[in-house]
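Chemist: The structure follows.
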């Protein structure tokens, strides 16, 4: 059981979950508006920016002993990694907006940057679950988009709820967070991103 929970925490790392949201948008919405080849290129380029580059930068920082570990268990250890990720995400948003990608994808990237800013501010005083914040944000995006465009996202919503339950349980079982940190992280991501997609 412990190995399953550890694996779920790795597979649904916040960086991978953030990209998952972009992939859902690309496949379910933008795929029907733009050529498959174009969307495949955008998806690949965005994967480099949202996943590969941040991981590479953080790993180099760890090897140079800038970071004590790659787990960032203490809230004080999160400022710099979150700031680096936020800068890279904003860079992705800026670059992709210059090539006129679908507006809904730009909105998601902007929402991801705002979510990181929120997590930095919260981390000053408290440690929340970034795993659950990212899952809540992706679920909020799907719910907000479903309401906005009247598209049936029920399969994605159910799957994301199940994944959130698994990851939330794993964070508690591994004692990485307490219940409040898990619930608050998930709720903030869910409410924040859903409002962003409904109101903007």
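The values are calculated or read from the model by the stated rules, or taken from the named source; none is laboratory data. Note that the coordinates shown come from a computational prediction; the quantities given were computed from them, not determined experimentally. Heads up, the Cβs are rebuilt from the backbone with ideal geometry, glycines too, and the neighbour counts pull from every protein chain shown.
Chemist: In this structure, is residue 134 within 17 Å of the chain's Cα centre (by Cα) and over 17 Å from residue 15 (Cα atoms)?
Modeler: no
Chemist: Looking at the range 121-131, which of the residues that are farther than 14 Å from residue 14 by Cα and under 18 Å from the mean Cα position of the chain (by Cα) is modelled with the lowest pLDDT?
Modeler: 123
Chemist: So, in the range 177-200, of the ones that are in a loop (DSSP other than H, G, I, E, B) and at pLDDT 90 or above, which residue ends up surrounded by the fewest Cβ atoms within 10 Å (Cβ to Cβ)?
Modeler: Top of the filtered list is 178.
Chemist: Being more than 18 Å from the chain's Cα centre (by Cα) and touching a residue at least 60 places away in the same chain (Cβ under 8 Å) is the filter here; which residues of the range 177-200 pass it?
Modeler: 200
Chemist: One residue is enough: does the range 28-41 have a residue meeting the conditions closer than 21 Å to residue 164 by Cα and touching a helix residue (DSSP H, G or I) at 6+ places or on another chain (Cβ under 9 Å)?
Modeler: There is at least one residue in the range 28-41 that is closer than 21 Å to residue 164 by Cα and touching a helix residue (DSSP H, G or I) at 6+ places or on another chain (Cβ under 9 Å).
Chemist: Right, another one. Please go through the range 143-169 and pick out each residue that is in contact (Cβ under 8 Å) with a residue 60 or more places away in the chain and surrounded by fewer than 24 Cβ atoms within 10 Å (Cβ to Cβ).
Modeler: Within the range 143-169, 149, 151, 153, 156, 163, 166, 169 qualify.
Chemist: One residue is enough: does the range 31-39 have a residue meeting the conditions closer than 27 Å to residue 178 by Cα, free of Cβ contacts under 8 Å to residues at least 40 places away in the same chain and surrounded by fewer than 18 Cβ atoms within 10 Å (Cβ to Cβ)?
Modeler: no
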